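K.L.:
Please read through the structure below; I'll follow up with questions.
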Amino acid sequence: MPDFVTLLTEDHRRVEQLFNQFDETGDPGVAQQIWLELSAHSMVEEELVYGLYSAKVDNAGAAEARREHQDAKDLILALEGMEPGSDEFVSTMGELKASVMHHVEEEEKELFPKMLEALPDTASILGNDIATRKEAVLEQLRADRAVGMAPSTTSQKPTASPEPGW
C-alpha cells in the first residue's frame, strides 16, 4: 500500500486534471466531480492527518490547513446554489481552483515534508488508513448524492479531532 503522501498527492493531481478539464469544457458534471473529490479528500485529511499533524508537528499549520478546507467548502456550498454555466459560476469555480491549488502547494512543500521528518514511521500505516477511510467516505458521498444530497451537505458534517480545544 502506498504511503499517505503518495495517496494524497495522487488526489491532488486528479483534482488538478479535473479543474483543467472544467476550464476547457465548462461541464457542470466535471464541476460536481471536483466537489465530490474535494469533499472526500478533505474529510479524510481532517480526520486522519490534521489531528496528528497538529498534535505532533505544527498546531498552527494544521489550523491553517483546516481554514483553507473550510474556504473550499464554503465556495462549493455557494456553487451548488448557482446556475451552472453562469458568469458567477465560472468565476467562483476559478476562485475555488486558485484556493485549492494554493492549499495543495502548501501541503506538498511544507506539511508533508514536515510530517515525514517528524513521524517517519507513520507514513505507510497512515497510507493504509487513508485508503480505507477514503473508500468509505466516497461510498457515503455517492449514496448521499443518489438521494439528492449535495456534496457540501456531507462535507459540512463535523469531523472528530483528537486535539484538545477543538
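The values are calculated or read from the model by the stated rules, or taken from the named source; none is laboratory data. Note that the structure is a prediction, hence the values are computed from the model and not measured. All Cβ positions, glycine included, derive from the backbone under ideal geometry; neighbour counts span all protein chains shown.
K.L.:
Looking at GLY61, GLY81, GLY85 in this structure, which one is on the phi > 0 side of the Ramachandran plot and out of contact with any His (no Cβ under 8 Å at 6 or more places or on another chain)?
P.N.:
Residue meeting the stated conditions: GLY85.
K.L.:
Working only within region 64-109, note down all residues that are in contact with a Gly (Cβ under 7 Å, 6 or more places away or on another chain) and surrounded by 14 or more Cβ atoms within 10 Å (Cβ to Cβ).
P.N.:
VAL90, the sole residue that qualifies.
K.L.:
Could you list, in sequence order, all residues of region 12-55 that are out of contact with any Asp or Glu (no Cβ under 9 Å at 6 or more places or on another chain) and surrounded by fewer than 17 Cβ atoms within 10 Å (Cβ to Cβ)?
P.N.:
Selection gives ARG13, GLU16, GLN17, ASN20, ASP23, GLU24, THR25, GLY26, ASP27, PRO28, GLY29.
K.L.:
Here's something else I'd like to know. Among the residues of region 63-85, count how many are touching a residue at least 40 places away in the same chain (Cβ under 8 Å) and of a type outside the set (Asp, Glu).
P.N.:
Total satisfying the criteria: 7.
K.L.:
Of the conditions (1) under 24 Å from GLY26 (Cα atoms); (2) at pLDDT 95 or above; (3) part of a helix (DSSP H, G or I); (4) not basic (Lys, Arg), ALA65 fails just one. Which one is it?
P.N.:
The failed condition is (1).
K.L.:
Quick check on my filter: what residues within region 116-151 are touching an Asp or Glu at 6+ places or on another chain (Cβ under 9 Å), of a type in the set (A, V, I, L, M, F, W, C), in a helix (DSSP H, G or I) and crowded, with 17+ Cβ neighbours inside 10 Å?
P.N.:
Correct list: LEU126, ILE130, VAL137, LEU138.
K.L.:
Right, something else. Of the residues GLU105, GLU110, only one is of a type outside the set (A, V, I, L, M) and within 22 Å of LEU18 (Cα to Cα); which? Lay out the reasoning, then the answer.
P.N.:
Values: GLU110 fails: within 22 Å of LEU18 (Cα to Cα).
After ruling out the rest, the residue left standing is GLU105.
K.L.:
Is it fair to say VAL5 is closer than 21 Å to LEU138 by Cα, in contact with a helix residue (DSSP H, G or I) (Cβ under 6 Å, 6 or more places away or on another chain) and either among the hydroxyl-bearing types (Ser, Thr, Tyr) or in a helix (DSSP H, G or I) (or both)?
P.N.:
Criteria met by VAL5.
K.L.:
Restricting the search to region 48-62, which residues are over 25 Å from GLU135 (Cα atoms) and either in contact (Cβ under 8 Å) with a residue 60 or more places away in the chain or touching a Phe, Trp or Tyr at 6+ places or on another chain (Cβ under 8 Å) (or both)? Let's see the steps before the verdict.
P.N.:
First pass over region 48-62, keeping only residues over 25 Å from GLU135 (Cα atoms): 55-61.
The answer is ALA55, LYS56, VAL57, ASN59, GLY61.
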